[in-house]
Amino acid sequence: MRIAAAQFPSVPGDIEANVGSMAALVHEAAAQGARFVAFCELAAQGYALAPIAADPGMWLAEDDPRLEPVREACRSTATAALVGCAARADGDRPTISALVIGPDGGLLARYDKTHLYGGEWELFTAGAEEGRFELDGVRFSVAICYDNRFPELAEGAKADDCRVYVASSVLDVDNDSFEKVYPVRARDNGLYVLLANQVGNGDEGECRGGSAVWGPDGTLLADAGQGAAGLALVELPAG
């Protein structure tokens, strides 16, 4: 199985444009043999909290028609995609979520960020469940940005026989997670770590991209580069 981390400059508040960018990248990744593609935290709305707080109409439902271009891209290419978004939840607050759309266009899994950070506490509700799904016999674990600072999430993924740890994040150019978190989670737990990061500006400042995949020994296997849309793709060895 080939897996991919995708990056693009999310436009704050423009769900249609962002969904269109994700659909195009699903097609691009599938053309290169990818079976699974991950996008960054809040990719659908952009990591700008004020517009999300001001307009509940921006919060996405699991079956939201605005996600149809991504669902259709998944169906037409037999590819699964993880979409980062602000999603509707019980109560009057949304969650920071990863919606995993399966190759049939249906919802394969949902994970809600459990460790909120900074101003996120004022707007979002924290999740309480682990993120897990299976594709082609491979078990995946999902975490979102600040979640990755907590090693027990990756440890739990290892204990649950996961092979791939997906980190949907928004990291600015000065963030040390590229060196001190993601390769460590991979090496300490024998996992493939797939990081999808934002490109461009948002509430967290300038984000460099650098979406990447680390192997189970912590070695960097693929990097999407900095400052532009792109993909980091890796073929998982059989078994």
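The values are calculated or read from the model by the stated rules, or taken from the named source; none is laboratory data. All values derive from a computational prediction rather than experimental measurement. Note that we place each Cβ from the backbone using ideal geometry, even for glycine, and neighbour counts take in every protein chain shown. Just the protein is used for accessible areas: all its heavy atoms, side chains included, with ligands, DNA and RNA removed. Shrake-Rupley method; radii C 1.70, N 1.55, O 1.52, S 1.80 Å.
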State whether one or more residues within region 145-166 are within 19 Å of Ile52 (Cα to Cα) and open to solvent by less than 10 Å² (accessible area, probe 1.4 Å). no
Across (1) closer than 30 Å to Glu122 by Cα; (2) open to solvent by less than 10 Å² (accessible area, probe 1.4 Å); (3) among the hydroxyl-bearing types (Ser, Thr, Tyr), Thr79 clears everything bar (1)
Test result for Asp188, free of Cβ contacts under 8 Å to residues at least 40 places away in the same chain, surrounded by fewer than 22 Cβ atoms within 10 Å (Cβ to Cβ) and in a loop (DSSP other than H, G, I, E, B): no
Determine the pairs where a residue that is touching a residue at least 60 places away in the same chain (Cβ under 8 Å) and closer than 22 Å to Met1 by Cβ, located within region 131-156, has a partner that is surrounded by fewer than 24 Cβ atoms within 10 Å (Cβ to Cβ) and among the aromatic types (Phe, Trp, Tyr) with Cβ atoms under 9 Å apart, the partner being 6 or more residues away or on another chain. Phe140/Phe133; Val142/Phe133
Go through region 200-227 and give me each residue that's open to solvent by 10 Å² or more (accessible area, probe 1.4 Å) and at pLDDT below 95. Gly200, Asn201, Gly202, Asp203, Glu204, Gly205, Glu206, Arg208, Gln226, Gly227
State all residues of region 81-96 that are of a type outside the set (Val, Ile, Thr) and touching a residue at least 40 places away in the same chain (Cβ under 8 Å); if no residue qualifies, say none. Ala81, Leu82, Gly84, Cys85, Ala86, Pro94
Could you tell me which of the residues Ala29, Ala53 is part of a helix (DSSP H, G or I), among the aliphatic types (A, V, I, L, M) and within 16 Å of the chain's Cα centre (by Cα)? Ala29
When both residues are 6+ apart or on different chains and their Cβ atoms are under 7 Å apart, which pairs have a first residue that lies in region 39-57 and is closer than 25 Å to Gly230 by Cα, and a second that is in a loop (DSSP other than H, G, I, E, B) and charged (D, E, K, R)? Tyr47/Glu41; Tyr47/Asp203; Tyr47/Glu204; Ala48/Asp203; Leu49/Asp203
